Each structure stands twice: as C-alpha cells, then as structure tokens.
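Presented below is the structure to which this report refers.
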Amino acid sequence: MPRSERHGDVLRFTFETRTSRSMGFDVSTYLVRGTLVDTGFHDARRQLFAVLRTHRVDGVIVTHHHEDHAGNVDVVARRGYPVWIAPETLAHVRQPAPIGWYRRWCWGAQPAYLGTPRPYPLPDLEVIHAPGHAHDHHVVWDASTGTVFGADLYLGVKVKVSHPGEREDVRAQVASIRAVAALGPQRLFCAHRGLVPNPVAQLTAKADWMEETIAAIDARIDEGLDDGAIVRRVFGGEDRWMAFITRGDYARRNFVASVRRTHGATIWHPRAG
C-alpha cells in the first residue's frame with residue numbers, strides 16, 4: 001500500500017520503489033470524490049492495485065503521457081475503469097517512445113495499451129490543457145473547492161533543468177502557469193511536491209522567475225553566445241550530476257535550448273479582471 005494522507009475531500013497516495021528512492025523520486029496520485037488523478041508508474045502497479053481494492057474509484061483522469069503519470073493506463077483500462085485521456089496522450093500510451101536508462105531504472109518501462117478505454121464523463125471536474133512541461137500536459141480544476149491538481153505544472157519555483165526542447169517548451173509553460181494562477185486556486189496539489197501552500201503566490205513567483213530567466217537567455221542569444229556559455233552566464237554552470245546520470249536528458253542546457261528554439265516569441269499573459 002502506498003503512503004497516504006488526507007486533505008479534507010482529497011486523498012494523496014505517494015508511490016515509490018527502492019529504485020525510485022535511489023534517485024530521490026516519488027510521485028503522487030490523488031483521489032477526489034471517486035476520481036483518481038493519474039495512475040502512477042508501472043513498477044509501482046501493486047501499490048495501485050491496493051488503492052483500487054480499498055477505495056471507491058469511479059474513474060480515472062490521465063494528465064499527460066509521462067511514464068510516472070500514465071504508467072498504469074493499461075492496468076486500469078483492462079480492469080474496466082473508465083478513463084479520461086486526451087487523444088494525444090492516448091496515442092503516446094499506445095506507442096510509448098523509448099526512454100533513457102535512468103527513467104527505466106526509476107519508473108520502469110511503460111507497457112503499450114492498444115485498446116480504447118471506456119470514456120469517463122467528468123462528474124464535477126474540469127480538465128484544462130496546460131502545455132509546456134509536455135505538449136499534452138493538463139491540470140484538473142475543481143471549481144467547487146478552488147482546487148487544482150497540477151500534475152507537473154509546478155514542481156518548485158526555480159527549476160533550472162528541463163527536458164530537450166522538442167519535448168518541453170518553457171515559454172509555453174510560463175503561459176500555462178499564469179493561466180492557472182489566474183483561476184485563483186485555494187489549493188494546489190503537485191504530483192511531486194504534494195500540497196503547495198499559498199498556491200497563487202507560488203505559481204506567480206515561478207512564472208516571474210521563469211520569465212526573467214527567459215529574458216536573460218534571450219539577451220545572451222542576441223549577443224551571439226552559444227548554449228554552453230549561456231548556461232555558465234545565466235545559471236552559473238551546468239548541474240553536472242543531473243546531466244551525467246540522465247546523459248543530458250534533464251539538464252540546464254535544455255532550458256536554454258528551449259528558449260533558443262522559440263526565440264522572438266512572446267509569452268501570453270491573462271488579462272486582468
């Protein structure tokens with residue numbers, strides 16, 4: 001059974017294994033009034049079985065295709081649970097892309113799901129597209145309680161590492177963060193940080209830091225600096241340990257590359273009022 005904690009109408013389940021702990025990672029799913037947000041990773045599927053056995057689950061929402069969130073779509077769909085899943089996410093789940101060794105070590109390989117899950121008509125929740133961390137990234141909004149289930153939207157204020165630019169768009173991420181902050185959430189549940197205090201202030205601080213950092217990188221691009229020089233100038237150098245163990249898949253250089261790929265683009269801001 002995974003670790004669990006209750007926050008009023010929300011149950012948080014934290015999934016981890018010995019291998020995920022060895023890299024300092026876990027991931028949480030959330031159960032709110034019968035809806036399970038995300039499925040966890042495949043190596044922790046027995047922990048998910050325990051949740052399904054001991055709690056009422058009417059249906060499942062999958063926020064995006066990454067293996068720590070969608071790793072058990074096959075498990076829940078084959079057991080007949082209805083699933084809300086975006087078409088792009090389902091396409092990824094049907095044909096999972098190859099992943100680096102560190103992700104296989106941490107989370108395990110994600111099995112392909114070739115079927116079509118029963119649709120889940122959302123009872124009282126809204127799924128909002130919030131791209132940036134991934135093209136198909138979504139958050140779940142519960143307007144009745146002012147709660148956002150943010151998946152990987154937040155993760156922390158000053159997250160300096162990123163996946164390669166074709167997979168992660170930091171400029172789009174800023175726009176998504178500001179759009180969610182504009183909802184005025186009273187609660188924010190992060191897949192890797194749990195309950196985030198003062199969610200509007202934290203989301204705004206993250207968006208502000210990212211936008212300032214993007215502007216600094218844009219300025220260095222205009223000066224003609226290469227990505228390595230920009231990493232040293234803006235971030236004080238690479239996180240060498242993270243870059244080494246992920247073979248560059250999760251690195252500060254990727255943050256810079258994402259900014260360069262969208263250089264000249266503007267960041268959308270929600271209108272006040």
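The values are calculated or read from the model by the stated rules, or taken from the named source; none is laboratory data. Source: prediction; values computed, not measured. Ideal geometry is used to build each Cβ from the backbone, glycine not excepted, and the neighbour counts take in all protein chains shown.
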Open item on the list: For the structure I just gave you, tell me whether Asp68 is in contact with a strand residue (DSSP E or B) (Cβ under 8 Å, 6 or more places away or on another chain), at negative phi, part of a helix (DSSP H, G or I) and among the acidic types (Asp, Glu).
Closed with: yes
Open item on the list: Regarding region 230-239, can at least one residue be identified that is over 28 Å from His66 (Cα atoms), assigned by TED's automatic domain parsing to the domain that holds Ala134 and within 24 Å of the chain's Cα centre (by Cα)?
Closed with: no
TODO: Could you run through region 240-273 and say how many residues are modelled with pLDDT of 80 or more and closer than 21 Å to Gln173 by Cα?
DONE: 16
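Suppose we keep only residues that are aromatic (Phe, Trp, Tyr) and in contact with a Ser or Thr (Cβ under 7 Å, 6 or more places away or on another chain) within region 81-140. Which one would you say is nearest to Cys190 (Cα to Cα)?
Checked region 81-140; the qualifying residue nearest to Cys190 (Cα to Cα) is Trp107.
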Open item on the list: From the list Ala112, Ala91, exactly one residue is modelled with pLDDT under 95 and in the same structural domain as Arg33 (by TED's automatic domain parsing). Which is it?
Closed with: Ala112
- [ ] Please enumerate the residues belonging to region 81-104 that are farther than 21 Å from Leu48 by Cα and in a loop (DSSP other than H, G, I, E, B).
- [x] Ala86, Gln95, Ala97, Pro98, Ile99, Gly100
TODO: Restricting attention to strands (runs of 3 or more DSSP E) lying wholly within region 1-49, give those where 2 or more residues are surrounded by fewer than 18 Cβ atoms within 10 Å (Cβ to Cβ) and either over 20 Å from the mean Cα position of the chain (by Cα) or of a type in the set (Gly, Ala, Ser) (or both).
DONE: 3-7
